[in-house]
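Below is one structure, written out as structure tokens, with a few remarks after it.
Nothing in this text is a laboratory measurement; each read-out follows from the coordinates by a stated rule. Since the model is a prediction, treat every value here as computed from it, not as a measurement. Glycine gets a Cβ as well: all are built from the backbone with ideal geometry, and neighbour counts include every protein chain shown.
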Amino acid sequence: MKQDNIVRNIVNAPVADKQPQILELHGDQRVDNYFWLRDIDNPEAIAYLEAENTYTASMMQHTEQLQTKLYKEMLARIKETDLSVPYRKDDYYYYTRTEAGKDYPIYCRKYGSLDAEEEILLDENVLANGHDFFELGVLSISPNHQILAYSVDTNGSEEFTLFFLDLTTHQLYAEKIPETDCSFGWANDNQTTFYTKVDDASRPYQLFRHTLGTPIDEDVLLYEEPDDTYSLYVDKTCSQAYILIALQSNITTEIYYLDANAPYGDLQLIHPRTTGVEYDVEHHTDYFYIVTNDAATNFKLMKTPIAAPTKENWQTVIPHRDDVMLSGISLFANYLVIYERKEGLETARVKNLTTNAEHSLTFPEPTYAFSEGNNPEFNTNILRFHYTSFITPPSVFDYNMETNQRELKKETEVLGGYDRTQYQSEWLMATAKDGTKVPISIVYKQGIKKDGKNPLLITGYGAYGQAYFASFSSTQLTLLDRGIVFAIAHIRGGEEMGRKWYESGKFLHKKNTFTDFIACAEYLITEGWTASDRLVITGGSAGGLLMGAVINLRPDLFKAVVAQVPFVDIVTTILDTSLPLSVMEWEEWGNPNDKLYYDYIKSYSPYDNVEAKNYPDMLITAGLNDSRVKYWEPAKWTAKLRELKTDNNILLLKTNMDAGHGGASGRYESLRELAFEYAFILDRLGSGLED
């Protein structure tokens, strides 16, 4: 194709700045012909990205009407002017609302009752004006409700500038603090604040104390973390009694605390870091409650007196269980809420701390997503939680922990006459090559037949212990209503089935993640849900790595691939300690400076294993300002695929030149990006689906 040749010529042109990188490690020489693409200041690199974007637009030009149709169809299901469920904190009711035609939410409150006059705290649309990208980071009200701390990112780099707004005068304080992360805490004096700053690799590593109204060069550095594997976060207990400072790597935690009523005191250590030991802390009366994996793979709950919190004083509240994972807790004045994960699904138990009586929350559907909502009140018997499934729109419930009654406060409205009885979800089990049963969540429109003719879109993630649960998406109806089946492969590397599920998909077991996904795809074909020429796969970030790995292993199994900001050049990236997250990644994938890990990672790294063979149709996306997966990873991968692949299937790279890891920030532009991806999928599947 003429356009394809233009792109090939640009990336392969003999320019002086395009010298290959030669890396020799462990007796292995790696030649990277596309290393030059990582130089964002090189006009040739930007020209290449723009040429790829031009090529992508040309190749997708025939779908422009379809993209517009899909966009309008998805937009028509969304209630553009809407209101969140207010939550109460002291005498105020806080909520957000959206307005038709505006990209971002508006933050509001009312005093005394929901019938009171509305006060607008912050309008993201005003802050975003004049910026191609906008993201809000911190949004934190002072204990007396008079000052709002907020931070903004206007380029997608995930480095935020922190501001303070006087809610009485609606005037900004003079100070603004750049290069901050998204964690923040208020002391109870309403004047002292705690924030974190990031280093050159975008790692939050410094904790500062700032007194409102004073110059930022007078801020006090309370802690600096020198170890690149740790990030620093600040939080506050639900009781509002303590500031918590957490140092976290992927596998180890160390937490300090500070009395929120004595913000100029010294940081107190709870338990020093011990490699492989993670813990989280909450407060109740004279005790800290600690969720930890210390000698407890699936975690256990301990408590310890605040006066002597060190490990020798920890007492067991909930012991370790092999079949149930303790995923977290919430503490109220009279109740303990215990969040658990069993057989791939989230559940919860509520314990009365006075009577020790317990009861469980249960849910009716075979696959769903459940999480805690906004619960800022400590002295309450109401637990707010969120529930959704493939079929049930996002729902907010208030659960009375005294009477065991739940009240539906709001179910997100789906415009256009959504009828949930027209859709069906199931929980399936595939068998991996080592005999392990791998869950699949699946949803489809009623009436489909398992005759091998259904188009099917399957996704997965399988990394960092992140569970991927089934949730509702009104935009997904666009696919379901066209007869496309949608599935999630709950592969190892996630934590759906407990901590061991994660550990069996990392380090030297990482390939289980990829073979699990392939096993799920093969199962869906064998069982008649679809066929390989009707099967599309999608994943983002580490899920993009998954996409790259499985198409290297089994390119014949899939019709098309959408890889969003894919982490595909893993060896080069995590060897470069100047890049964000690289050293921290060693605790997920292994340290490639060790030959054992180097050889193993290189054996599945998507970029390093591109070969001269046929690949599926592919759409690859990137963000120029992405601080997590640098734009050059998908760009280099595309270039190498374009060089080596032997087929005539379509290969597209689409780089958002104004955004970062999450793509476009505004809800309308985000919807247009999704319409583009859906148009690609429908166009590749063909057979009238695009109509």
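Spin-label model, Arg406/Asp91: points 7 Å from Cα along the beta carbon direction are separated by 3.5 nm. Over the range 63-174, the alpha carbon radius of gyration divided by the compact-protein estimate 2.2 N^0.38 Å works out to 1.26. Using a cutoff of 8 angstrom between alpha carbon atoms and counting only pairs six or more residues apart, the relative contact order for the range 321-413 works out to 18 percent. Between Thr380 and Ala333, Asn334, the built amide H atoms are under 5 Å apart, and every one of these is 5 or more places off in sequence or on another chain.
Give me Met584, Met497 sorted ascending by neighbouring Cβ count inside 10 Å, so fewest comes first. Don't skip to the end; give the middle numbers.
Values: Met584 20, Met497 24.
Arranged by neighbour count, lowest to highest, Met584, Met497 become Met584, Met497.
For the chain, the longest principal axis of the alpha carbon atoms and the long axis of helix 43-59 meet at an angle near 70°. Of Gln248, Tyr387, Phe160, whose Cα points farthest to the positive end of the dipole of the chain (charges on the beta-carbon: +1 Lys, Arg; -1 Asp, Glu; origin at the Cα centre)? Towards the positive end, the residue furthest out is Tyr387. Of the trypsin sites (Lys or Arg not before Pro) found in the range 395-446, those that fall in a DSSP loop while having at most 12 other beta-carbon atoms within 10 Å are Lys433.
For the pair the range 525-549 and the range 415-485, the centres of their Cα atoms are 12 angstrom apart. Exposed loop sites here mean GluC sites (Glu not before Pro) with a DSSP loop assignment and at most 14 other beta-carbon atoms within 10 Å; the chain contains its longest site-free run at 119-342. Whole-percent P(r), the range 476-516, all Cα pairs, 5 Å bins from 0: 6, 25, 20, 12, 8, 12, 11, 5, 0. Backbone amide hydrogens, once placed in the peptide plane, bring His283 within less than 5 Å of Cys238, Ser239, Tyr289, excluding anything fewer than 5 places away on its chain. Each 5 Å bin from zero up to the one holding the largest Cα-Cα distance in the range 594-675 carries the following percent of pairs: 3, 13, 19, 19, 17, 15, 9, 4, 1, 0. Give the angle, between 0 and 90 degrees and rounded to the nearest 10, that separates the Cα long axis of helix 2-12 from the longest principal axis of the Cα atoms of the chain. Helix 2-12 and the main axis of the chain meet at about 70 degrees.
Where does the chain land at 222 nm, in deg cm²/dmol rounded to the nearest 500, when only DSSP H runs of n ≥ 4 count, each adding -39500 (n - 2.57), divided by all residues? All intermediate terms of the calculation are to be shown ahead of the outcome.
On the way: 13 runs with 139 residues, N = 691.
Result for the chain, helices only: -6000 deg cm²/dmol.
Computed packing ranks the peptides 26-38, 618-630 as 618-630, 26-38, most packed first, by mean other Cβ atoms within 10 Å.
Could you state the per residue volume, in Å³, of the convex hull enclosing the Cα atoms of the range 452-500? Show your work: numbers first, answer last.
Numbers: hull volume 3.8 nm³, N = 49.
With only Cα atoms used, the range 452-500 gives 77 Å³ per residue.
Taking the Cα centre of the chain as reference, the dipole from Cβ charges on Lys and Arg (+1) and Asp and Glu (-1) amounts to some 2320 debye.
Over all other residues within a Cβ to Cβ distance under 10 Å of His210, the charged ones net out to -2, with Lys and Arg as +1 and Asp and Glu as -1. Put the Cα centre of the range 191-247 next to the Cα centre of the range 311-342 and the gap is 28 Å.
Please tell me the relative contact order of the chain in percent, rounded to the nearest whole number, where contacts are Cα pairs under 8 Å and at least six residues apart. Can you show the working numbers first?
Numbers: 1593 pairs, mean separation 70.0, N = 691.
Normalised by residue count, the contact order of the chain is 10 percent.
In order along the range 314-321, phi translates into HN-Hα couplings of 5, 10, 6, 9, 10, x, 5, 10 Hz, rounded to whole numbers, per the Karplus curve 6.51 cos²θ - 1.76 cosθ + 1.60 with θ = phi - 60° and x for Gly and Pro. Toward the positive end of the charge dipole of the chain, with +1 on the Cβ of Lys and Arg and -1 on the Cβ of Asp and Glu, the farthest Cα among Phe184, Tyr631, Leu75 is that of Leu75. Between Ala622 and Val565, Lys654, Thr655, Asn656, the built amide H atoms are under 5 Å apart, and every one of these is 5 or more places off in sequence or on another chain. Computed from Cα positions, the angle between helix 542-553 and the longest principal axis of the chain comes to roughly 30 degrees. The phi torsions of the range 671-684, fed into the Karplus equation with coefficients 6.51, -1.76 and 1.60 and a -60° offset, translate into couplings of 5, 5, 4, 5, 4, 5, 5, 5, 4, 4, 4, 5, 5, 5 Hz, rounded to whole numbers, with Gly and Pro shown as x.
Applied to the range 255-260, the Karplus parametrisation 6.51 cos²θ - 1.76 cosθ + 1.60 on θ = phi - 60° returns per-residue 3J(HN,Hα) values of 10, 10, 9, 8, 4, 5 Hz, with x for Gly and Pro.
How large is the charge dipole for the range 321-413, taken about the Cα centre, if only the Cβ atoms of Lys, Arg (+1) and Asp, Glu (-1) carry charge, to the nearest 20 debye?
Working: 9 positive and 14 negative charges, 28 e Å.
Result for the range 321-413 is approximately 140 debye, rounded to the nearest 20.
On a C-alpha basis, how far is the centre of the range 97-157 from the centre of the range 396-414 in Å? Whole number, if you could? Taking the Cα centre of each part, the range 97-157 and the range 396-414 sit 25 Å apart. Evaluating kT/(6 pi eta Rh) at 37 °C and 0.692 mPa s, with the Kirkwood radius of the range 321-413 over Cα pairs in the Stokes-Einstein relation, gives 238 µm² s⁻¹.
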